[in-house]
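The values are calculated or read from the model by the stated rules, or taken from the named source; none is laboratory data. Because the structure is a prediction, the values reported are computed rather than measured. Cβ coordinates were reconstructed from backbone atoms using ideal geometry, including for glycine residues, and neighbour counts include every protein chain displayed. We work out accessible area using only protein heavy atoms, side chains counted, and drop any ligands, DNA or RNA first. Shrake-Rupley method; radii C 1.70, N 1.55, O 1.52, S 1.80 Å.
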Amino acid sequence: MIIDSHAHLVAPEGLYAYRANLIANGGYHFGKPKISDEALATCAQANVTALDEVGTDIQLLSPRPFQQGHSMTPASLVEPWIAAWNDTIARTVEMHPTRFAGVAGLPILPGQPVERAFGELDRAVHELGFVGVIVNPDPYEGTGQAPTLNEPYWYPLYEKLIELEVPMQIHSAGCYSGRESYSEHFVTEESIAILSLLRSDVFERYPDLKIMVSHGGGSVPYQIGRWQAERLLPLLGGSAESERFETSLKRFWFDSVLHNPPSLELLLRTVGPERVLFGTERPGSGSAMNPDTGHHFDDLKPVIDKIDFLTDADRRAIYEENARSFFPRLAARLGQS
């Protein structure tokens, strides 16, 4: 079985029209998106066709990150908007229950306690049957000073996810700082997330917490020599007895959404195939045709199949077994392979 652990909903225009209406009326009238079964089925079938083209069996769907709108004003717009995303994902899963599973967006609001998102989290898991959550570590979307993931602000969320046996995928959303595009912000926030958590005692506090970092860990694998050296520098509190940085890095899981073969090889050599989940983000930013290969950039199975240092057991882990380990609710749904 090929499980794609990182993908986003292909949504009909009716969902985006709903956001426009929310903004236009200032949040005074929430209502529901007007999305017909026919319109949703057309989008879902287009996604299934994209999966069939590359041999993916099941794909985990979350909200389109740059459309999550955590920094929308007034803040009261965010909760109905994220709920609309989750509802539309749930309807898509219901149409193709053997091909899709849901990963929920959370209405984490700038300056508001993270517990405010728990109602939607409970609904997504208990009522909609979602198997994971996607967490934006910067709800300010580049316009403020968000608490880093090592700060106590996030501890109630970690406790809640452990209680629900639900893992989290780190993936930032939009960016309105004027300094970065949202794609650049993804890499920035993924890197900050890893480094801030590894400078903290979060994994000691919450040993059962499961975190997957999107896009192969941002910049961290490329810069690992710097972090290895800093871990050992006495002036930064390091010592020869310090745990090596690459050992600490294996507390995370990573997806394979790296559209360049040498980059993916570097990730696999750095953290090991036992910590990498197959992911493509297909269809998405990698769906352009690679002129060098004649394949879409996000057609990653042939890339992994050609990596000569991987064994057949390694590939089974990447394609299926790691996802079953990381998403226990998905494993329960799928049963035995």
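When Lys and Arg each count +1 and Asp and Glu each count -1, what net charge do the other residues less than 14 Å away from residue 19, Cβ to Cβ, add up to?
Computed value for this residue: 0.
Along the Cα→Cβ direction, 7 angstrom out, place labels at residue 263 and residue 244. What is the inter-label distance in nm?
The answer from the label model is 2.6 nm.
Once you wrap a convex hull around the alpha carbon atoms of region 1-57, what is its projected area averaged over all directions, in nm²?
If you wrap the Cα atoms of region 1-57 in a convex hull and average its projections, you get 4.9 nm².
Report D for region 62-221 in µm² per second (integer): Stokes-Einstein, Kirkwood Rh on Cα pairs, 20 °C, 1.002 mPa s.
Translational D for this selection: 135 µm²/s.
Along the positive direction of the dipole of the chain (beta-carbon charges: Lys, Arg +1; Asp, Glu -1; about the Cα centre), which of 144, 291, 66 reaches farthest?
Farthest along the dipole direction, towards plus: 144.
Send over a whole-number figure in Å² for the accessible area per residue of region 248-315, probe 1.4 Å.
43
Find the all-direction average of the projected area of the Cα convex hull for the chain, expressing the result in square nanometres with one decimal place.
Here the figure is 17.5 nm², rounded to one decimal.
Report D for region 295-337 in µm² per second (integer): Stokes-Einstein, Kirkwood Rh on Cα pairs, 10 °C, 1.306 mPa s.
136
Given a 1.4 Å probe and every protein chain left where it sits, what share in percent of the accessible area of region 275-337 is carbon and sulfur?
51
Just subtract the alpha-carbon distance of residue 98 and residue 311 from 0.36 nm times their residue separation and send over the number in nm, one decimal. If you can, show how the numbers build up before the last one.
Numbers: separation 213, 0.36 × 213 = 76.68 nm, distance 2.79 nm.
Contour length minus the Cα-Cα distance gives 73.9 nm.
About the Cα centre of the chain, what is the dipole size in debye to 20, counting +1 per Lys and Arg Cβ and -1 per Asp and Glu Cβ, all else neutral?
280
Quick one: if you stick a label point 7 Å off each Cα along the C-beta vector at residue 112 and residue 180, how many nm between them?
Each label point lies 7 Å from its Cα, and together they span 2.3 nm.
Specify the inter-centroid distance of region 178-200 and region 239-296, based on alpha-carbon positions, in whole Å.
Cα centres, region 178-200 to region 239-296: 16 Å.
Take the solvent-accessible surface of the protein heavy atoms, probe 1.4 Å, and return the percent of it on region 1-135 that carbon and sulfur atoms account for.
With neighbouring chains kept in place, the figure for region 1-135 is 55 percent.
At q = 0.11, 0.16, 0.17, 0.22 Å⁻¹, what log₁₀ I(q)/I(0) does a Debye calculation on the Cα points of region 1-127 give, no solvent, two decimals?
-0.39, -0.79, -0.88, -1.31
Work from the charge dipole of the chain (Cβ charges, +1 for Lys and Arg, -1 for Asp and Glu, about the Cα centre) and give the residue of 318, 93, 264 farthest towards its positive end.
So the residue furthest toward the plus end is 93.
So for the pair residue 1, residue 20, with labels modelled 7 Å out along Cα→Cβ, what separation do we get in nm?
Result: 4.0 nm between the two label points.
So if each residue of separation counts as 0.36 nm, and I subtract the Cα-Cα distance between residue 32 and residue 203, what length gain in nm does that give?
57.6 nm
Looking at the chain as a GNM with Cα springs under 10 Å, which of 39, 84, 193 has the largest mean-square fluctuation?
Highest fluctuation among the options: 39.
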